[in-house]
1. Looking at this structure, is residue 8 surrounded by 18 or more Cβ atoms within 10 Å (Cβ to Cβ) and touching a residue at least 24 places away in the same chain (Cβ under 8 Å)?
2. So which of 239, 254 is in the same structural domain as residue 191 (by TED's automatic domain parsing) and assigned to a loop (DSSP other than H, G, I, E, B)?
3. So for region 270-280 (the condition being part of a loop (DSSP other than H, G, I, E, B) and at pLDDT 65 or above), does at least one residue qualify?
4. Taking strands (runs of 3 or more DSSP E) that fall entirely within region 300-369, which contain at least 2 residues that are over 23 Å from residue 394 (Cα atoms)?
5. Restricting attention to region 289-313, which residues are modelled with pLDDT under 75 and either assigned by TED's automatic domain parsing to the domain that holds residue 338 or surrounded by fewer than 11 Cβ atoms within 10 Å (Cβ to Cβ) (or both)?
6. Can you tell me how many residues within region 199-216 are at pLDDT below 85 and out of contact with any strand residue (DSSP E or B) (no Cβ under 7 Å at 6 or more places or on another chain)?
7. Do any strands (runs of 3 or more DSSP E) entirely within region 78-190 hold 1 or more residues that are within 25 Å of the chain's Cα centre (by Cα) and modelled with pLDDT of 90 or more, and if so, which?
């Protein structure tokens, strides 16, 4: 896959699905200087949500059917049990093999990821950089259309975008209810009824302020009415529900609580193992006290740590207490990064792995624009750093794919706009 600093192209193709990949290959074969852009990954619906996974799932179903029908041939076999986690792993393996084979389509093609906009018929803006293109092909494909049916959202549904990622037992009931119990010592305890439902491979639960069954919370503490978003995961013989929670103050629903993390394990030994692996992955940053009533004047256009800050994305956020989940979306090879907020160090030398590092931090509410900068400390075995950053803003989650190296630091701008 070729990359270039050249900012003038003969052909730009927006959309890295089947149509975009074919157009890129043909254009490059004719000698054109080609740029291919996709929002997050190549392959499109056919590779990730359509042709490839659907045929892989049908192949599994056909084998299961044949195994259950062998008695008609005079054969005997053990009952066939379906493990959806392993079926999903098989499907994802097929997708990975096809994706590897499709790399031939981007030979001699510059590939970039992000959201692109037009400034003129020949001038485009991508990740803060402007480039020109004599011709542009828009091959952005489609997405599932959800019909406006009363009660559908409450009942739950699948689209092709999530159907091939299931790990839950499909025979279980979709609705979940019970109660949560939070306590600290003997002086603080609150017990709240909750309910929720299973959606794809996730469980979504919400506490109900009208179902508080026990409330012993001293004035120094804030009780939160929480929403949970959990996903099932199996690691060897251990099973987990992992996710995050967000919430608001019981006494003042306009005040958001600092989001937290949830880990549930089927066994104590599994929980001990997971907590041992996670002992350094949750980072609560020190909150800065500001004496001056005036916000600081910052210049985000200058070089920093001998690198050029490269804008990846700008996000509107509505809460001052935020959370970052940082993980590697490619091969783990000892990449480490440091994270800066408004040019002040948040955390130093985070090892980027498949398990997210969780960074809790707070914005200076006197400022509208904030800069989150990722600086590559160690490029690992295969430069550059490749990271997936998930920003949690209340109930909203923003997913960003990031590349940083020793010359360019990846930068995300947060525009603080508190909800009225």
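The values are calculated or read from the model by the stated rules, or taken from the named source; none is laboratory data. Here the structure is a predicted model, which means the values were calculated and not measured. A quick note on method: Cβ atoms are made from the backbone with ideal geometry, for glycine too, and the neighbour counts reach across all protein chains shown.
1. Answer is no for this residue.
2. The match here is 254.
3. Scanning region 270-280, I find no residue that is part of a loop (DSSP other than H, G, I, E, B) and at pLDDT 65 or above, so the answer is no.
4. Ranges flagged: 308-317, 336-341, 344-351.
5. Matches in region 289-313: 289, 291, 292, 293, 294.
6. Result for region 199-216: 2.
7. Passing ranges, in order: 110-113, 116-120, 123-126.
The rows are residues; the columns are (1) closer than 27 Å to residue 10 by Cβ; (2) surrounded by 12 or more Cβ atoms within 10 Å (Cβ to Cβ).
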residue	(1), (2)
64	no, yes
78	no, no
81	no, no
101	yes, no
106	yes, yes
117	yes, no
125	yes, yes
141	yes, yes
150	no, no
